1. When you check S137 against the structure, is it over 30 Å from S56 (Cα atoms) and more than 27 Å from the chain's Cα centre (by Cα), yes or no?
2. When only residues in segment 1-43 that are touching a Pro at 6+ places or on another chain (Cβ under 8 Å) and aliphatic (A, V, I, L, M) count, which is farthest from D161 (Cα to Cα)?
3. Taking the conditions exactly as written (closer than 30 Å to F179 by Cβ and either open to solvent by 70 Å² or more (accessible area, probe 1.4 Å) or within 21 Å of the chain's Cα centre (by Cα) (or both)), does I39 satisfy them or not?
4. Does segment 141-154 contain at least one residue that is aliphatic (A, V, I, L, M) and loosely packed, with under 12 Cβ neighbours inside 10 Å?
5. What about T183, is it at pLDDT 50 or above, open to solvent by less than 50 Å² (accessible area, probe 1.4 Å) and among the β-branched types (V, I, T)?
6. Of everything in segment 94-111, what is part of a helix (DSSP H, G or I) and of a type in the set (D, E, K, R)? Give them in sequence order.
7. Could you give every pair whose Cβ atoms fall below 7 Å, whose first residue belongs to segment 154-182 and is assigned to a helix (DSSP H, G or I), and whose second residue is charged (D, E, K, R) and modelled with pLDDT under 90, counting only separations of at least 6 or pairs across chains?
Amino acid sequence: MMQLVDTRIIIGIGILFFGGSSFLTAHLDSNFAGLQFYIPLIIRALGQLLIMVPLSAVTTAGMAKGRESGSASVLFNMMRNIGGSIGIAGLSTLLSVRERFHSERIGESETVYSAAVQGRMQQSAAYFLSQGGDSYSANLRAIGAIGAAVRRQAFLLAYSDCFLILGWSLLASATALFFMKKTKISGPVGGIDVDNVFFCKLCGTSHPKRFGCIP
């Protein structure tokens, strides 16, 4: 595909797939399970494939016969690892901040003075009391169960926010495609020159002809 289509177009389609899959999981609720995640994960896998493979090829394009191809590949992998680390750290921080935010907002309406909360506490306390124990511990466990439900809903909303921001960030990254040179891969990529590579029977691997075999 890269030999027929401009790599910027392929990367752009991959970004649309990846970003679109994030938007599909930006409205989580307690009914989401494995089946609801299958389609977004498949779309995300296709998008990641269409992004990473052409991007790595563009990075080392035109360097198949140059000694700088190894440095370009190392630099690309280093920047990818650094970007992944920054992204994971940023999303983890965002998840923590948004979880606390949603917990505060939900907690403002879910108070002990609410009729719905009092009814839920009575039902939970009656259940825990039927399991054995005194009324005081049953009430404490009922309060803990309501607190756990609030945190669970806050985490669902926080993950939805993270997916939403991730989707918009991916779409915003597509603007970098306008600053990339038009590239069409017509030969070997990844720093491999097939004309100067041979299979060594001594070590059982392929390596450039200019390098001697080191078994």
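The values are calculated or read from the model by the stated rules, or taken from the named source; none is laboratory data. These numbers were taken from a predicted model, which means no experiment stands behind them. Here the Cβ is made from the backbone with ideal geometry for all residues, glycine too, and neighbour counts use every protein chain on show. Areas reflect the complete protein model, heavy atoms only, side chains present, ligands, DNA and RNA absent. Shrake-Rupley method; radii C 1.70, N 1.55, O 1.52, S 1.80 Å.
1. Working: over 30 Å from S56 (Cα atoms): yes; more than 27 Å from the chain's Cα centre (by Cα): yes.
In short, yes.
2. M2
3. Numbers: closer than 30 Å to F179 by Cβ: no; either open to solvent by 70 Å² or more (accessible area, probe 1.4 Å) or within 21 Å of the chain's Cα centre (by Cα) (or both): yes.
Considered against the rule, which asks whether it is closer than 30 Å to F179 by Cβ and either open to solvent by 70 Å² or more (accessible area, probe 1.4 Å) or within 21 Å of the chain's Cα centre (by Cα) (or both), I39 comes out as no.
4. So in segment 141-154, the residues aliphatic (A, V, I, L, M) come out as 142-143, 145-146, 148-150, 154.
Right, trim to loosely packed, with under 12 Cβ neighbours inside 10 Å and you get 148.
The answer is yes; a qualifying residue exists.
5. Values: at pLDDT 50 or above: yes; open to solvent by less than 50 Å² (accessible area, probe 1.4 Å): yes; among the β-branched types (V, I, T): yes.
It is true that T183 is at pLDDT 50 or above, open to solvent by less than 50 Å² (accessible area, probe 1.4 Å) and among the β-branched types (V, I, T).
6. Here is the first cut: in segment 94-111, the ones part of a helix (DSSP H, G or I) are 94-109.
Listed by number, the residues that qualify are R98, E99, R100, E104, R105, E108.
7. Hits for this filter: L156/D29; L177/R8.
Residue-by-condition table, conditions (1) open to solvent by less than 40 Å² (accessible area, probe 1.4 Å); (2) in contact with a helix residue (DSSP H, G or I) (Cβ under 8 Å, 6 or more places away or on another chain); (3) closer than 18 Å to S169 by Cα; (4) modelled with pLDDT of 90 or more:
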{"residue": "L4", "(1), (2), (3), (4)": "no, no, no, no"}
{"residue": "T7", "(1), (2), (3), (4)": "yes, yes, no, no"}
{"residue": "F18", "(1), (2), (3), (4)": "no, yes, yes, yes"}
{"residue": "S30", "(1), (2), (3), (4)": "no, yes, no, no"}
{"residue": "T59", "(1), (2), (3), (4)": "no, yes, no, no"}
